[in-house]
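Each remark here refers to the structure printed beneath this line.
The values are calculated or read from the model by the stated rules, or taken from the named source; none is laboratory data. Because the structure is predicted, anything quoted here is derived from the model rather than measured. Here the Cβ positions follow ideal geometry from the backbone for every residue, glycine too, while neighbour counts run over all protein chains shown.
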Amino acid sequence: MCKELILTEQEKKARHFLKLAKEQLNKIDPSNNQQSLITLPTVVRKKKRLMIKSTSQEVITYPIYKMHYFGYNHILYDDDRTLLNNINNIYQSIVDKNDYSYINKYTSSTTLSQFINDETVMHESLIYFFKSIPEFKQLDTHDQILLIKSNLINIIHLHHVMIYNFQDCSNLCKRMCKWISRDFDNQMIRTRRYFYRFMNYPLLLKLTLVVFIFSINLSASFDINQSYQYKNKRILFEFQNFYTNILWRYLNYLFDEKEAIQVMQIIVMQILRYQLLMVTMTNSLRQNPDCYQFHSLMKSTFGLI
């Protein structure tokens, strides 16, 4: 697929999500029941900017606090708050079961194949998270597999950002420069840092993961003749629209409308940027003489089988 076509597709997808975001503002009922919020991360709603320049803050341990009430700015429904709390708890319960410290043990002799196989833990934990989402569990197994196969490679990076507490992994960066290229590593770092501004809102990224797992046209196919045949596209669109609506309401709870639109644009464009970077990485893996040693899940994720 030529770069021009990919960029055109990026613009279309960005507009689609931004259009959905703007439409939801008109659907908001200001008379929504104003009960106290259930447990969610604390948000102090002042005229704060999205850009967070320092990443040396204390490591986030995901404590559960009560949200403050913000009068007419409060637009989360009771069902939304319950769903968000469930997403947060499901994600954290799965993350806590795994050890992700393998990257800290890498040395100059660590191979790319070892890293790819170690990443199986990261990918499996995210898959377990998706399989715990009620709407995802309702899907036909065939469609579940296709969604994971086509989307995981592009959204796993948000999972990485949270696992590593919104901080750069210098040990991995050194290895990535050697395995692929310095330019690739620099682009990965630059893209990842766009999400560091959300370090006080990890739930935002968890919800974003759910929104994008239901995408049916996110990934640029590694084989131009390949076309995923879903059994029920309609319900996939319905589920994604459902979670996109919740994402938009949550964004408007955290930020004003202008900032919410900016956040939506940042999320969409950086995930699409990851899509391009993963094409580069996949091409590099195809040329790796040890690719036959990759774990089967990783081969499938990168379209190597």
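Results, tabulated for the structure shown:
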{"item": "Any hit, the stretch 182-193, residues being under 16 Å from Phe214 (Cβ atoms), β-branched (Val, Ile, Thr) and in a helix (DSSP H, G or I)", "result": "no"}
{"item": "The stretch 185-195, residues that are buried (at least 18 other Cβ atoms within 10 Å of the Cβ) and either touching a Pro at 6+ places or on another chain (Cβ under 9 Å) or of a type in the set (Phe, Trp, Tyr) (or both)", "result": "Phe195"}
{"item": "Answer from Lys178, Lys231 - the residue that is farther than 22 Å from Leu84 by Cβ, among the charged types (D, E, K, R) and in contact with a His (Cβ under 9 Å, 6 or more places away or on another chain)", "result": "Lys231"}
{"item": "Positions within the stretch 79-91 being without any contact (Cβ under 8 Å) to a residue 60 or more places away in the chain and buried (at least 17 other Cβ atoms within 10 Å of the Cβ), in sequence order", "result": "Arg81, Ile90"}
{"item": "Subset of the stretch 230-241 (residues that are in contact (Cβ under 8 Å) with a residue 60 or more places away in the chain and either of a type in the set (D, E, K, R) or surrounded by fewer than 16 Cβ atoms within 10 Å (Cβ to Cβ) (or both))", "result": "Lys231, Asn232, Asn241"}
{"item": "Selected residue (criterion: modelled with the highest pLDDT) from residues of the stretch 196-228 that are in a loop (DSSP other than H, G, I, E, B), surrounded by 14 or more Cβ atoms within 10 Å (Cβ to Cβ) and of a type in the set (A, V, I, L, M)", "result": "Met199"}
{"item": "Scan of the stretch 96-121 for residues that are among the hydrophobic types (A, V, I, L, M, F, W, C) and either closer than 17 Å to Cys177 by Cα or buried (at least 19 other Cβ atoms within 10 Å of the Cβ) (or both), ordered by number", "result": "Ile103, Leu112, Phe115, Ile116"}
{"item": "Total residues in the stretch 269-305, condition of a type in the set (Val, Ile, Thr) and under 18 Å from Leu147 (Cβ atoms)", "result": "3"}
{"item": "Filtered residue count, the stretch 249-304, keeping only those that are without any contact (Cβ under 8 Å) to a residue 24 or more places away in the chain and crowded, with 16+ Cβ neighbours inside 10 Å", "result": "2"}
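Here is a yes/no grid of residues against (1) of a type in the set (Val, Ile, Thr); (2) touching a helix residue (DSSP H, G or I) at 6+ places or on another chain (Cβ under 8 Å); (3) modelled with pLDDT under 90:
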residue	(1), (2), (3)
Leu83	no, yes, no
Ser109	no, no, no
Ile133	yes, yes, no
Ile145	yes, no, no
Lys149	no, yes, no
Met162	no, yes, no
Phe166	no, yes, no
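For every residue, the table says whether it meets (1) farther than 19 Å from Leu209 by Cβ; (2) at pLDDT 95 or above; (3) assigned to a helix (DSSP H, G or I); (4) in contact with an Asp or Glu (Cβ under 6 Å, 6 or more places away or on another chain).
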{"residue": "Ala260", "(1), (2), (3), (4)": "no, no, yes, no"}
{"residue": "Gln270", "(1), (2), (3), (4)": "no, yes, yes, no"}
{"residue": "Gln275", "(1), (2), (3), (4)": "no, no, yes, no"}
{"residue": "Asn288", "(1), (2), (3), (4)": "yes, no, no, no"}
{"residue": "Tyr292", "(1), (2), (3), (4)": "yes, no, yes, no"}
{"residue": "Lys299", "(1), (2), (3), (4)": "yes, no, yes, no"}
{"residue": "Ile305", "(1), (2), (3), (4)": "yes, no, no, no"}
